[in-house]
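*Asks:* First the structure, then my questions, so here it is.
Read-outs throughout are calculated quantities, based only on the coordinates presented, and are distinct from any laboratory measurement. None of the values given here were measured: they were computed from a predicted structure. All Cβ positions, even for glycine, are placed from backbone atoms using ideal geometry, and neighbour counts span all protein chains on display.
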Amino acid sequence: MRRKSPLWAKLTTAFGIVLALTGGGGLVAVKYFLNQLTSNIQTTSSVLDSAGLGNTAATSGELPAGAMNLLLLGLDSRAGWEEEGKASRSDTILILHITASHDRAYMISVPRDMVAKIPADESRGFGGATTKINAAYAYGSANGGGWQGGAKLATSAVHELTGIEFDGVTVIDFDGFRGIIEAMGGVHLCVDKDMWSSHYLVNNGKVEYAHGADPKTPPRNALWFRKGCRDMKPWEALEFSRLRHSANGDYDRQRHQQQLLRAMARKAGSAGIMGNPAKVSKVLAAAGRSLRMDTHGVPVETFIFGLKGLAAGDLIPIKTNGGTFATGAGGGEGVTEDTRGLFAATSADRLPEFLLRHPEMLISDGA
């Protein structure tokens, strides 16, 4: 029987490696590698507390005994943006719902163009807005708000949209994944259909970054990702996770990101990585540098070990809006009634029962 990849490896490769070590490594090795991860992670307790959105079931210093909801924000940023004062948007917004039994987890992607009410934040001088939800992080991080301010406002906006309270928030710079993939030696990915990149061009056989506005149609020298499976270099894998020029747009991009995380999980759990302590150390160090977390008063190591029962489980992806764009106000994306029901069921910890009535919202391996 094929061994499933650790859940946290699918979400963040770093956690997956540590959880794998808890199953087969000695205590000394686990503590050493856990330190390699946690020593680099930026942590705070201000995101959920200051927003007043921490799940009331959580006890300071301990994981909640009941269901848990975690928010993952993936930033769309580029090298030099911080120095230039440019704000990052959270173009990846994932809700991970862990049932009360802590043995099953579901992943819900919130489309970045979904129109939502972004609450006012007096501490940032922000008066509130109704706009695409990926702008919330940019508003909160502006004018010195940093990642804590961005995460606070983004979490508030997701709560306003879904009604869900959270037990933890993780911010990941997807460009930071480059170091992880480089430490792994690349990843193997399968492209399900031909797609082109708006960020790169091919000139005289050489791939170059395309400066300027993103084209809406492929230029004659566009970089194409052709259908098929192959080993990808770090920059190729990251660009594949951003591809969205297709009929399903952002929903294809969401799926590509899930594919990348799964590919990283497979590589992280391979003998070539797990059997090489030097590589494990490099991967965890790189992962720690790309993670920022608010675990609602729970130490990071307690957070990780408290979820080790999920190591043999699987992450169940769910479609919002039927996997297609639902036209909303101002050209943004709306929320269908089924998706509203999905959010309500998640908030009430009734998600498995809801999905029994709506199996079409589950994403199959081939979808």
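*Asks:* Ranked highest first by average number of other Cβ atoms within 10 Å, how do 229-240, 326-337 line up? The partial results should precede the final answer.
*Replies:* Details: 229-240: 16.9, 326-337: 14.0.
Result, highest mean Cβ count within 10 Å first: 229-240, 326-337.
*Asks:* What pairs in K132/K206; K216/K319; K117/K267; K117/K227; K267/K319 have C-alpha atoms more than 31 Å from each other? Don't skip to the end; give the middle numbers.
*Replies:* Working: K132/K206 36 Å; K216/K319 26 Å; K117/K267 39 Å; K117/K227 39 Å; K267/K319 26 Å.
The answer is K132/K206; K117/K267; K117/K227.
*Asks:* Name the shape class, rounded, prolate or oblate, that the alpha-carbon gyration tensor gives for segment 184-251, where a ≥ b ≥ c are the square roots of its eigenvalues, rounded holds for a/c under 1.5, and otherwise prolate holds if a/b is larger than b/c and oblate otherwise.
*Replies:* On the way: a/c = 1.73, a/b = 1.21, b/c = 1.43.
It comes out oblate by the Cα gyration axes.
*Asks:* Further question on the same structure: If I stretch the segment between Y209 and K227 completely, what's the gain in nm (0.36 nm per residue apart, minus their alpha carbon distance), one decimal? Can you show the working numbers first?
*Replies:* Working: separation 18, 0.36 × 18 = 6.48 nm, distance 2.19 nm.
That works out to 4.3 nm of additional length.
*Asks:* Could you sort 120-129, 338-347 so that the peptide with the highest average Cβ count within 10 Å comes first and the rest follow in order? Kindly include the intermediate steps, with their values, before the conclusion.
*Replies:* Working: 120-129: 14.2, 338-347: 18.5.
The densest-packed peptide leads the list: 338-347, 120-129.
*Asks:* When you count, for each residue, the other Cβ atoms within 10 Å and take the mean per peptide, how do 216-223, 252-259, 291-298 rank with the highest first? Present the calculation step by step, with values, prior to reporting the outcome.
*Replies:* On the way: 216-223: 11.9, 252-259: 21.1, 291-298: 23.1.
Answer by packing, highest mean first, reads 291-298, 252-259, 216-223.
*Asks:* Using r as the Cβ-Cβ distance of R220 and C190, and R0 as 30 Å, what FRET efficiency do you calculate, to the nearest 0.05?
*Replies:* 0.65
*Asks:* Quick one: T324, T131, fewest Cβ neighbours within 10 Å first, how do they rank?
*Replies:* T324, T131
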